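Down below is the structure, laid out as structure tokens.
The values are calculated or read from the model by the stated rules, or taken from the named source; none is laboratory data. None of these values were measured; they are calculated from a predicted model. We place every Cβ from the backbone using ideal geometry, glycine too, and count neighbours over all the protein chains shown. Please note that ligands, DNA and RNA were not included when accessible areas were found on the heavy atoms of the full protein model with its side chains. Shrake-Rupley method; radii C 1.70, N 1.55, O 1.52, S 1.80 Å.
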Amino acid sequence: MSPAGCSHVNGYKVDNWKQNLRVIYQCFVWSGTAETRRRKAKSCICHMCGAHLNRLHSCLYCVFFGCFTKKHIHEHAKNKRHNLAIDLLYGGIYCFVCQDYIYDKDMEQIAKEEQRKAWKLQGTAFLASHLTFFVSTGIGEKYTTWEPTKRELELLRHNPKRRKITTNCTIGLRGLINLGNTCFMNCIVQALTHTPLLRDFFLSDRHKCEMQSNSCLVCEMSQLFQEFYSGHRSPHIPFRLLHLVWTHARHLAGYEQQDAHEFLIAALDVLHRHYDNGKKANNPNHCNCIIDQIFTGGLQSDVTCQVCHGVSTTIDPFWDISLDLPGSSTPFWPLSPGGDGSTVNGESHLSGSTTLTDCLRRFTRPEHLGSSAKIKCGGCHSYQESTKQLTMKKLPIVACFHLKRFEHSAKLRRKITTYVSFPLELDMTPFMASSKESRMNGQYQQTVDVLNNDNKYSLFAVVNHQGTLESGHYTSFIRQHKDQWFKCDDAIITKASIKDVLDSEGYLLFYHKQFLEYE
Amino acid sequence: MSKDSQMRAAINQKLIEMGERERLKEVLRAKLVECGWKDQLKAHCKDVIREKGLEHVTVEDLVTEVTPKGRALVPDSVKKELLQRIRAFLAQHATL
């Protein structure tokens, strides 16, 4: 079984053998067209027993199909002295003299080419069931190892400069010039350009623009990623981005300071809309754009009637979770530390300070809706008092938490500067709809299932606001590689320690799922 | 040929003609990779090769040793799913 093939093939390699071999591959092994498939279906049966299983082989010298398992092809080989046969399942060439499959370079070459041809013909009909997140936006393609096309080879030759990514390199980090109170935009851009899945999507050129004008925000985003990963160290001037934002989100236009959270939602919304150039307007619930794949989660709202205990459930999509803080005018019941949730996430309770998990627990607690807010119950057919509870039905890949620090009530407008501690790693299991169901079924002590990694998140970006409601400044911390953090203050990027990040006030917190699965 | 094998051959023909056989093969391939079957068998193959010696092992040796184990290791869920798909396909093209 030497890789150099066997000498017995030389008897075969005469006349027009290459073309003959190709025909055999095309018709009987890898049938690409409907016609060849029909022929294969009809003729590929054993000439001795009629079976189509049993590892059917075809003689290379004449038209004979025979079972391998039942040795029908062996008999034929002995009788006719035809020493070579081809396996119709996998295309391997068997030599009866060597009594094994042989690997001849020329024949392997032909086999590979014919296989690829057949795949290409069948390509558009396949919907590869092992889709990764990124291929789902393109046509179904059979999985093959990547080989550069002619055009790609040309491009690679014309652009010989290569960049090596080491653990210490700062590729992807770039400052952003402040164009007049645009720090709110800058820090969101920093967070988005460091969202791993989004970065991978744009750097692999997955956006095929169908918009006629130059006003596609997704294209601009793509450009932005190119700028960030170009290796230039000078700060980037995002004037085109700003202009597009003003055009598509009028409420954010102008040189006043805007809210970074509002900008995030507006940006995600425009990206989502521009993704398919409005085609999805017909079916907003089935969008498969990259924004929905990464950021959209499902929030379950259960309204329980206090009389008949019937539950009415709705699930709404969300891009972020806005959390009330203690000290705001909406009451925040202080929860004792060490309760369900905070021990899991290992947050530090500095003399009774609030944690992110406290806020999440408050967010997902059952809320009594009071006698002034009776809901019509479908079971009782009358207005009854009820409780409402929010839980996470479907977690997004990137979870964004918005701490509601800006109070705009009728009485006052102020900023809540209460320190909220947040963890580097977050487990969302206690806040899931499924966890709530098991709690209701009596399984009170929720033992932390360490093997279930689905709900574990890692912090990768923090947006902070310094100052007051009237005049303030946004900065952000972003994570590069596993444990390196950098502070982005408009055009100035500096190295930061994990302590700096965790001690900061926190306004927008971006978490990324630790483990991703195929769909 | 018995009625059973006649039916089998007819179904097989239909599957090939409509390209469904290739599609099902792809689905099966993906599922077997996902559930770790491919890796298990790969390890088993390596063991067989080590046993028989790299210079002397033939494809036949591997087929004889690996086929029964491979067949036994396919998870029931995968078998069920493939069966379902074939049933669905036949239901659609009921003019057999």
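Structure notes:
- Peptide B:21-32, shielding by other chains (average Cβ, 10 Å cutoff): 4
- Axial C-alpha extent at least 18 Å, average Kyte-Doolittle at least -0.5 - helices from chain B (DSSP): B:59-73, B:76-92
- For a straight C-alpha distance cut-off of 18 angstrom, the aspartates and glutamates reachable from A:Lys376 (same-chain residues fewer than eight places away being disregarded) are A:Asp302, A:Glu367, A:Glu385.
- 10 Å Cβ neighbours from other chains, averaged over peptide A:38-49: 3
- Between A:Cys169 and A:Ser471, the modelled labels are 4.3 nm apart [label points 7 Å from Cα along Cα→Cβ].
- For segment A:11-123, the equivalent ellipsoid derived from the alpha-carbon gyration tensor has semi-axes of 21, 18, 11 Å in decreasing order.
- Taking every protein chain into account, the 1.4 Å probe leaves A:Val311 with about 80 Å² of accessible area, to the nearest ten.
- Reference-scaled alpha-carbon Rg (2.2 N^0.38 Å with N residues) for the protein assembly as shown: 1.26
- Sequence-ordered 3J(HN,Hα) estimates for segment A:216-228 from the Karplus curve with 6.51, -1.76 and 1.60 and θ = phi - 60° stand at 7, 6, 5, 4, 5, 4, 4, 4, 4, 4, 4, 5, 5 Hz, glycine and proline given as x.
- Summed buried accessible surface, chains A and B, 1.4 Å probe, nearest 100 Å²: 2000
- Both the radius of gyration and Dmax for segment B:3-92 are 16.4, 50 Å, in that order, over alpha-carbon atoms.
- Rounded FRET efficiency, nearest 0.05, which uses the C-beta distance separating A:Lys112 from B:Val63 and R0 of 22 Å: 0.45
- For the residue pairs A:Lys117/B:Lys79; A:Lys161/A:Lys456; B:Lys25/B:Lys69; A:Lys117/B:Lys31, the C-alpha atoms sit more than 27 angstrom apart in A:Lys117/B:Lys79; A:Lys161/A:Lys456.
- Ordered by solvent-accessible area of protein heavy atoms (1.4 Å probe), largest first, the residues A:Lys120, A:Lys499, B:Lys25 come out as A:Lys120, A:Lys499, B:Lys25.
- Counting only lysines at least 8 places from B:Lys3 when in the same chain, those with an alpha carbon closer than 20 Å to its own are A:Lys42, B:Lys14.
- Using the Cβ-Cβ distance between B:His93 and A:Lys120 with R0 = 22 Å, the FRET efficiency computed as 1/(1 + (r/R0)^6) comes to roughly 0.30.
- Evaluating 6.51 cos²θ - 1.76 cosθ + 1.60 at θ = phi - 60° for every residue in segment A:304-314, the Karplus couplings come out as 9, 6, 6, 8, 9, 6, x, 10, 10, 10, 10 Hz, glycine and proline recorded as x.
- A:Arg38 versus B:Cys45: modelled label distance in nm, points set 7 Å from Cα along the beta carbon direction: 3.6
- Debye intensity ratio in log₁₀ form over the Cα atoms of segment A:384-423, taken at each q of 0.24 Å⁻¹: -0.93
- Simple spin-label estimate for A:Ala373 and B:Lys3 in nanometres, 7 Å along Cα-Cβ: 6.9
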